[in-house]
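Since the structure comes first, as structure tokens, the remarks are kept for the end.
Throughout, read-outs are computed from the coordinates displayed, never taken from laboratory work. What you are looking at is a predicted structure, and each value in this text was computed from that prediction instead of being measured. Note that we place each Cβ from the backbone using ideal geometry, even for glycine, and neighbour counts take in every protein chain shown.
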Amino acid sequence: MSSNERRTPRDATSLAPGQMDASGLCIGCGACMAQSDAGAMRLDCYGQFKPTTSRNPRGFAQLCPFSPDAWNEDDIARERFASVRHRDPYIGRYEAAYVGYVRERSFRINGSSGGMASWTAAALLEENLVDGVAHVVPRCEDSKPLFHYRISRTAEDIRAGAKSRYYPVELSGVIDEMRRRPGRYAVVGIPCFIKALHLLCRQDPLLRERLAFTLGLFCGHMKSARFVESIAWQLGERIEAVADIDFRLKDTRRPANWYTAHLVLKDGSTRSRDWWHLADGDWGAGFFQNAACNFCDDVVAETADISFGDAWVEPYASDGRGTNVVVVRSPQLRRLVDRARNEGRLELQEVDSAFVVRTQAAGFRQRREGLAFRLSLPRPGVTPKKRVAPQRTGYARRVAIYWLRSLVSAQSHRVFRLAKILNWPAVYIRWASTMLALYQGVTYSRGWIGKLVCRIWPETAGSGKPSSDDEPGA
Ligand SMILES: Cc1cc2nc3c(=O)[nH]c(=O)nc-3n(C[C@H](O)[C@H](O)[C@H](O)COP(=O)(O)OP(=O)(O)OC[C@H]3O[C@@H](n4cnc5c(N)ncnc54)[C@H](O)[C@@H]3O)c2cc1C
Ligand code: SF4
């Protein structure tokens, strides 16, 4: 990958969180607030975490994961994994990669995928390699938001926190706890959060000493808190009535990629709906996507000691029990995993990087070709510096897909807000249904829009026509 050398002329020391937010480059990780004496992370009017501070946090330009002045994923991985066995332009440096699932106990059935993320976190505690694991769990108190980062100190608490949360969370609270309470810690997080932690460790020797392992989750994009509210609306409920949500209720009789959203209401009743019957349930369309995800080039958490995703290729995608792809970068974790494989506790087969990339084909298109296209467009504010060079793609239909995705992700926040202010859910739901039909017509040639699009752009396979897997998986 080449480096994008374009820079906004400015003094790096003057870069501030507010500038990153105004430039659509704040993911809401909370790393800057962990480094600041004033301010806190707050949910904004669109249901996304943002830093509130009038002061510039120490070393901000070098710690914000989207800052053009910070180390990139290659720099961090080069320092952390200097002597690993493999390097790949898509999945970075790694020791070994696997496909499979956890055999022992109920990790697989309780996990979103094959249960490997919770198994690894629990194994680190049980083997006394860490004293606590920061991960994302439901909030027990009757207050918003629904999920938050917590440090679990027992394997039972780790197991209780299994499952993927497509919901905004932030790290400042758990970073604070890691600093206050001595011990060794592991943190589970999406790629930009893990990157932010390693950037923070470069400035903070205490944190560097205490952060023993990072466990990454592959990532399609981060959603705002409005996604759950929209699901509740579409199931005839208000968010105030919702106690909990399982974004991916497991049904072993159905393919793993047929997602079902399952709400538990405060009165104890439940409501469910398959994602494809939701107006905004097509992951690839980008509803409620954080703007910063448009400028991410790390799908597989390249800076984490180990990372986990879903095996979105057959025969695994059809197996409703769930199957992980796992990329191991730390030799110590490789030994831990291999020992459990040999003891029959994990069912994992070694795979090559091409296999891992195939499982995330749509995510990589969006974060390589799509990113190159987005970088080629003029935009105000801070210019992101990525490992992908700006480039206009040659195929009009692919450009249309990338453009539509950006439009849906930006407008969904605003239209939902308007519907909320008007107290009129249909305003959003009708808009979302229309945008979905347009997106699916252009992307999958679906419906009358699809027929029209095929007449305008009659591309053949391999010439830029979108493939059936053009939906970055969650
Ligand atoms: C926002 C998001 C986007 C994702 N996009 C993709 C994708 O495009 N492709 C893909 O293959 N996989 C993606 N994943 C990862 C996938 O959903 C599974 O989390 C992963 O396969 C691990 O499954 P598991 O069964 O091993 O984990 P589990 O055993 O279910 O454990 C999951 C662990 O992750 C923690 N966790 C849950 N949500 C979050 C969060 N938001 N931030 C930090 N920690 C969290 C839980 O507390 C738990 O410890 C995404 C995950 C998230 C949160
Ligand atoms: S991305 Fe993280 S570090 Fe950067 S401004 Fe936002 S909250 Fe702060």
Rounded to the nearest 0.05, what FRET efficiency is calculated for Ser83 and Arg253 with R0 set to 35 Å and r the Cβ-Cβ distance? 0.15
Relative to 2.2 N^0.38 Å, what does the C-alpha radius of gyration of the stretch 312-434 come to as a ratio? Two decimals please. 1.53
Relative contact order of the stretch 212-334, pairs being alpha-carbon contacts under 8 Å that are 6 or more residues apart, as %: 32
By the DSSP-based rule, helices of the chain that are at least 30 Å long along the axis (C-alpha) and have a mean Kyte score of at least -0.5 are 396-422
In terms of Cα to Cα distance under 25 Å, which lysines are near enough to Lys195, apart from those fewer than 8 places away along the same chain? Lys50, Lys163, Lys223, Lys385, Lys386
Before anything else, pin down the relative contact order of the stretch 366-456: Cα pairs under 8 Å, at least 6 apart, normalised by residue count, whole percent. 19
If each of Glu237 and Ser433 carries a label point 7 Å out from its Cα toward its Cβ, how far apart are those two points in nm? 2.2
Which of the trypsin sites (Lys or Arg not before Pro) found in the stretch 336-424 are in a DSSP loop and have at most 14 neighbouring Cβ atoms, other than their own, within 10 Å? Arg392
Please list, by residue number, every one of the GluC sites (Glu not before Pro) in the stretch 81-174 that is coil in DSSP and has at most 16 other beta-carbon atoms within 10 Å. Glu104, Glu127, Glu141
What net charge is computed for the residues neighbouring Cys293, neighbours being all others with C-beta under 12 Å from the C-beta of Cys293, Lys and Arg scored +1, Asp and Glu -1? +2
Could you tell me the calculated FRET efficiency between Leu407 and Leu43, based on Cβ-Cβ distance and R0 = 41 angstrom, to the nearest 0.05? 0.95
Could you name the aspartates and glutamates in cross-link range of Lys451, using Cα to Cα under 15 Å and dropping any fewer than eight places away on the same chain? Glu459
According to the square roots a ≥ b ≥ c of the eigenvalues of the Cα gyration tensor, what is the shape class of the chain, taking rounded for a/c under 1.5, prolate for a/b larger than b/c otherwise, and oblate for the remainder? rounded
Provide the convex hull volume over Cα atoms per residue for the stretch 366-456, in Å³. 111
Report the label-to-label distance for Ile456 and His277 in nanometres (one decimal), using points 7 Å from each Cα along the Cα→Cβ vector. 3.2
